[in-house]
Amino acid sequence: MLYRSRILFALSVGLVAASSHAIDFGTAAFIDGTVYTIGAAGSPVQRLGDSLSFSLPNAIALSGSKTVTLQYGVTASPGFVITTATEFGTGQTTNSATANFATTFTSGSITETSGQNNTGGSNAFAPYTHVFTNARSFWNPVTTTLNLTANNGLAKTSAYTANYTEAVPEPLSLAVLATGFVGLLARRRKGANS
């Protein structure tokens, strides 16, 4: 009975540890080179779970064009890797105006890119998801450039959000399972020899 309770205790501790992870964005992010504290009262950059949201009241192109650059870092929980980034802007384009989003993810010498183009008549921009081809525990810096062009219309983005997902890399999952299996076999043999 004591043996079973120890196994159940170990499993419950493992489940609690596995469920208590969260993606980290650090403490600062940049909008057009100006640094903001993430989550501070009045800051235009807020953390929402595994998402980072930027409030952009001045990202409007009534004539000509407007470029807004966002920059931040993202780190997975210990032992995890970042698997996807889903990004979306809130805003609109009218007539032939355009709103183009381009994101560059950098981790050491590895770079990946994603983007979306929105043209006239969009009252909402569809989310777009980037699936990372390189398993990385962090991407820093992440740079998103919003290019808004009026083209005889209105192009605006009032908010921009990036949501990340993470997972345990497969080789690590298999190693943890194998270690647990070996431990159970050793325990069983020890009990049989007593």
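Structure summary
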| item | result |
| --- | --- |
| Residue within the range 107-122 that is within 30 Å of Asn152 (Cβ to Cβ), in contact (Cβ under 8 Å) with a residue 60 or more places away in the chain and under 14 Å from the mean Cα position of the chain (by Cα) present | no |
| Residue within the range 84-94 that is open to solvent by 80 Å² or more (accessible area, probe 1.4 Å) and either modelled with pLDDT under 95 or farther than 24 Å from Ser114 by Cα (or both) present | no |
| Residues (among the small types (Gly, Ala, Ser) and over 21 Å from Ala97 (Cβ atoms)) located in the range 123-162 | Ala135, Ser137, Ala162 |
| Residue in the range 116-124 that is at pLDDT below 90, open to solvent by less than 30 Å² (accessible area, probe 1.4 Å) and within 18 Å of Ser55 (Cβ to Cβ) present | no |
| Residue pairs meeting the criteria (Cβ under 7 Å; at least 6 apart or on separate chains; first among the hydroxyl-bearing types (Ser, Thr, Tyr), in the range 26-47; second open to solvent by less than 60 Å² (accessible area, probe 1.4 Å)) | Thr27/Ile38; Tyr36/Ala28; Tyr36/Ala29; Tyr36/Ser43; Tyr36/Pro44; Tyr36/Val45; Thr37/Ala28; Thr37/Ser43 |
| The lone exception for Glu170 - which of (1) at pLDDT 95 or above; (2) open to solvent by 40 Å² or more (accessible area, probe 1.4 Å); (3) acidic (Asp, Glu) it fails | (1) |
| Residue tally, condition closer than 15 Å to Pro141 by Cα and of a type in the set (A, V, I, L, M, F, W, C), over the range 39-88 | 6 |
| Criterion: over 25 Å from Phe54 (Cα atoms), of a type in the set (Val, Ile, Thr) and either surrounded by 13 or more Cβ atoms within 10 Å (Cβ to Cβ) or modelled with pLDDT of 95 or more (or both) - qualifying residue of Val176, Val182, Val131, Val142 | Val176 |
| Residue list for the range 95-113, restricted to those being open to solvent by 50 Å² or more (accessible area, probe 1.4 Å) and over 25 Å from Ala167 (Cα atoms) | Asn95, Ser96 |
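Rundown of residues vs (1) of a type in the set (A, V, I, L, M, F, W, C); (2) in a strand (DSSP E or B); (3) touching a helix residue (DSSP H, G or I) at 6+ places or on another chain (Cβ under 8 Å); (4) without any contact (Cβ under 8 Å) to a residue 24 or more places away in the chain, yes/no style:
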site	(1), (2), (3), (4)
Asn58	no, no, no, yes
Lys66	no, yes, no, no
Gln71	no, yes, no, no
Val74	yes, yes, no, no
Ser77	no, no, no, no
Ala85	yes, yes, no, no
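The values are calculated or read from the model by the stated rules, or taken from the named source; none is laboratory data. Not measured: the values here are computed from a predicted model. Using ideal geometry, Cβ is built from the backbone for each residue, glycine included, and neighbour counts are taken over all protein chains shown. Heads up: the accessible areas ignore ligands, DNA and RNA and are worked out on the full protein's heavy atoms, side chains in. Shrake-Rupley method; radii C 1.70, N 1.55, O 1.52, S 1.80 Å.
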